[in-house]
Amino acid sequence: MTGSQVYLRPLTGDDAAAFVPWVNDAEVTRTLAVGAAVMDRQAEQAWIEKMNASGSDVLFGIAIQETGRLIGSIGLNQIDFRYRGASLGMMIGEKSMWGKGYGTEATRLVVRYAFEKLHLNRVQLHVYEYNLRGIRVYEKVGFRLEGVLRQEHVYDGRFWDTVVMAILREEWEKRPALPEADPRKT
Amino acid sequence: MRNPFHIGTDIYLRPLEPEDVPSLTDWTTRPAIRTVLDLFYRPLGQSAADLFLERTKNDAHDIALGIVAQETETMLGFIGLNRIDQENSHIQLGFFLGEQKADGERYLSEAVGLMQRYVFAVLGMNRLWLYVDAAEARTINLLERQGFVREATLRQDRYLDGQYADTVVMGQVRGYGGD
Ligand SMILES: CC(C)(COP(=O)(O)OP(=O)(O)OC[C@H]1O[C@@H](n2cnc3c(N)ncnc32)[C@H](O)[C@@H]1OP(=O)(O)O)[C@@H](O)C(=O)NCCC(=O)NCCS
């Protein structure tokens with residue numbers, strides 16, 4: 001799947017090495033549901049292979065159009081074909097690549113994939129209350145706030161709320177046309 | 001009372017036993033209860049009941065208890081916990097009443113209250129939560145009276161009988177009433 005800035009590609013076990021520094025970077029994992037476990041290359045490889053073999057998950061690498069550089073991953077989990085729903089998860093591991101619109105574009109691509117290819121009806125996600133960047137990205141794509149799970153997450157020695165957001169197929173179909181190219185990126 | 005685990009005023013909660021399989025099988029194959037449980041959209045017969053019995057064995061925090069009337073020693077329904085998250089200190093609650101009786105709500109409130117005390121005071125959890133069908137206003141009210149808050153509404157989250165249904169997430173946090 002190809003956007004204007006990034007494209008999504010399958011990941012293989014060989015990509016695991018790139019993920020190891022990312023998933024052990026406290027600034028990256030701060031907003032992820034990865035838990036306290038230390039991840040090594042083998043664990044990452046096992047995770048990628050498990051996702052690829054799974055009938056209820058899809059995982060893509062996020063790569064930059066121009067250079068082909070892998071900067072993170074995005075995927076759908078708990079895909080339920082009976083209810084036609086799934087959960088979205090994303091990580092841009094290269095911190096220098098944050099704030100350039102890549103996350104927003106990757107999210108749009110995966111949401112389109114969910115509705116058009118998987119024929120789902122609902123894509124939901126959990127995002128921690130302090131992940132304002134993440135919340136902004138999902139709002140931009142058209143996700144709506146469904147509620148706040150109080151004290152659902154522990155980080156840095158205290159409890160934080162988890163925000164639940166979702167986009168329905170009917171909302172995505174009615175989405176406004178995308179704005180013209182962002183001037184920051186030209 | 002036989003093997004009580006938690007004792008209330010009119011009911012008590014006890015571990016499920018192989019003798020309970022016939023009533024569990026009867027309940028879990030009824031359409032109304034199958035819908036609540038979600039798991040049982042496939043015809044499962046006795047294996048659904050076996051699943052309940054197995055749960056407790058596989059994980060110390062996967063708990064399934066029978067709700068039993070003290071006076072008559074009849075099992076009225078089931079209440080349980082699963083999906084413990086130790087790191088984030090929360091756990092999920094689930095229940096159903098097999099028999100729709102006039103006293104059902106009172107018994108259910110009592111059972112929920114016993115589990116709330118167990119989750120906060122014994123397991124030391126910080127948060128207890130559950131999913132409820134958004135159309136189940138009575139259950140939502142009952143839980144609100146027990147100190148739960150309606151935290152989120154998951155739109156078109158399930159597909160039942162040819163249409164989408166919303167799911168409500170109810171949550172209770174330690175120190176915020178009810179515990
Ligand atoms: C969250 C993440 C995927 C976002 O991707 P990204 O490429 O950095 O995001 P984008 O550049 O597309 O968009 C970021 C938006 O957030 C805004 N933003 C950035 N910091 C913000 C802040 N502190 N408060 C509010 N908005 C903020 C930006 O201004 C931009 O919005 P705009 O286009 O309206 O200006 C990425 O930062 C990441 O991987 N973080 C770590 C892991 C993670 O949090 N994953 C998501 C878990 S739910």
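The values are calculated or read from the model by the stated rules, or taken from the named source; none is laboratory data. Remember, it's a predicted structure, so these values are computed and weren't measured experimentally. Counting neighbours? That spans all protein chains shown, and the Cβs are built from the backbone with ideal geometry, glycine included. All accessible areas refer to the heavy atoms of the entire protein, side chains included, with ligands and DNA or RNA removed. Shrake-Rupley method; radii C 1.70, N 1.55, O 1.52, S 1.80 Å.
Just the number please: accessible area per residue for the range A:47-173, 1.4 Å probe, all protein chains included, in Å². Mind dumping the intermediate values first?
Numbers: 5510 Å² over 127 residues.
For the range A:47-173, the solvent-accessible area averages 43 Å² per residue.
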Calculated from backbone phi, Karplus (6.51, -1.76, 1.60) coupling profile of the range A:73-80 in Hz, x at Gly/Pro: 9, 8, x, 10, 10, 6, 5, 10
In angstroms, what radius of gyration and Dmax does the protein assembly as shown have, counting Cα atoms only? 22.7, 77
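State, in square angstrom and to the nearest 100, the accessible area buried between chains B and A, both chains counted, probe radius 1.4 Å. Don't skip to the end; give the middle numbers.
Values: alone 9650 and 10580 Å², together 18040 Å².
The contact between A and B buries close to 2200 Å².
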Nearest-5 percent of antiparallel DSSP beta bridges in the range A:1-136? 85 percent
Using only alpha carbon pairs under 8 Å that are at least six residues apart, calculate the relative contact order of chain A and give it in whole percent. 17 percent
Return the subset of A:K50/A:K140; A:K117/A:K174; A:K50/A:K117; A:K100/A:K140; A:K50/B:K57 for which the Cα-Cα distance in this structure is over 25 Å, preserving the input order. A:K50/A:K140; A:K50/B:K57
Have a look at the range A:131-155 and report residues whose accessible surface goes down by 50 Å² or more when the remaining protein chains are included, against the chain on its own, probe 1.4 Å, ligands and DNA/RNA excluded. A:E146, A:L149, A:R150, A:Q151, A:E152
Can you list the lysines whose alpha carbon sits under 20 Å from that of A:K95, skipping same-chain ones fewer than 8 residues off? A:K185
Near the amide H of B:Y176, under 5 Å away, which other amide H atoms are found, from residues 5 or more places off or on another chain, if H is placed in the peptide plane? none
Net charge near A:E49 (other residues with Cβ under 15 Å of its Cβ; Lys, Arg +1; Asp, Glu -1) is -3
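Which value at 222 nm does the protein assembly as shown reach when only helices count, each DSSP H run of 4 or more adding -39,500 (n - 2.57), with the total divided by all residues and rounded to the nearest 500 deg cm²/dmol? Spell out each step's value before the answer.
Details: 11 runs with 102 residues, N = 365.
Estimated from H runs of four or more residues: -8000 deg cm²/dmol.
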Suppose all protein chains stay in the model; what accessible area per residue would a 1.4 Å probe give for the range B:11-154, in Å²? 46 Å²
